[in-house]
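The values are calculated or read from the model by the stated rules, or taken from the named source; none is laboratory data. Computed from a predicted model, the values in this text were never measured in an experiment. Glycine also receives a Cβ, built like all others from the backbone with ideal geometry; neighbour counts cover every protein chain displayed. With ligands, DNA and RNA removed, areas are computed over all heavy atoms of the protein, side chains included. Shrake-Rupley method; radii C 1.70, N 1.55, O 1.52, S 1.80 Å.
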Amino acid sequence: MVIKVYIASSSGSTAIKKQQQDVLGFLEANKIEFEEKDIAANEENRKWMRENVPEESRPPSGNPLPPRLFNDSRYLGDYDAFFEARENNAVYAFLGLTAPPGSKVGEHLLTVSP
């Protein structure tokens, strides 16, 4: 299982840049392996991301914007979903990964009923 983070290296949006830095920085700090996929420099990455974001997760108009997270080809969510999982100490569950022993960012999400 590979976590893939779709980003835009040349985004003109300060908000998108900050969100991308937040996601990547968190993954790096917690030693969570991931692949960074740049949709600005690679048309195939852009096309793949846009085709694989589920309809219910798309904006009402326009294309889905980065950052977007996937576990292999399974869509995980956007920055807001990642941020919520982090706030609830459920990032590993959100990512579909097993939390390392003693991790503060555990699997809380798996035990919460809807």
Using alpha-carbon coordinates, inclination of helix 43-52 to the longest axis of the chain, degrees = 60
Tell me, what is the percent relative contact order of the range 3-111, built from C-alpha pairs under 8 Å that lie six or more residues apart?
-> 25
Mind checking the range 1-39 for GluC sites (Glu not before Pro) that DSSP puts in a loop (not H, G, I, E or B) and that have at most 16 other Cβ atoms within 10 Å?
-> GLU33
Dipole of the chain (Lys/Arg Cβ +1, Asp/Glu Cβ -1, origin at the Cα centre): which of LEU76, GLN21, GLY96 lies farthest to the positive side?
-> GLN21
Tilt of helix 14-29 relative to the longest C-alpha principal axis of the chain, in degrees (0 to 90, nearest 10)?
-> 40
Residue-normalised value, i.e. accessible area per residue, for the chain at 1.4 Å probe, in Å², stands at 60
Charged-residue dipole, Cβ positions (Lys, Arg, Asp, Glu), the chain about Cα centre, Debye nearest 20 | 140
If R0 is 25 Å, what FRET efficiency do you get for ASN89 and ASP22 from their C-beta distance, rounded to 0.05?
-> 0.95
In whole Å, largest first, what are the principal axis extents of the Cα atoms in the chain?
-> 40, 29, 26
Scanning the chain for trypsin sites (Lys or Arg not before Pro) in DSSP loops with at most 11 other Cβ atoms within 10 Å, what's the longest stretch left with none?
-> 32-103
Percent carbon-and-sulfur accessible area, the chain, ignoring ligands, DNA and RNA, probe 1.4 Å = 47
Straight-line reach check, LYS47, cutoff 27 Å on alpha carbons, 8 or more apart in-chain or any other chain, hits among lysines -> LYS4, LYS17, LYS18, LYS37
With each run of n ≥ 4 DSSP H residues scored as -39500 (n - 2.57), what mean residue ellipticity at 222 nm is computed for the chain after dividing by its residue count and rounding to the nearest 500 deg cm²/dmol?
-> -11000 deg cm²/dmol
For the chain, what is the percent of antiparallel DSSP beta bridges, rounded to the nearest 5?
-> 60
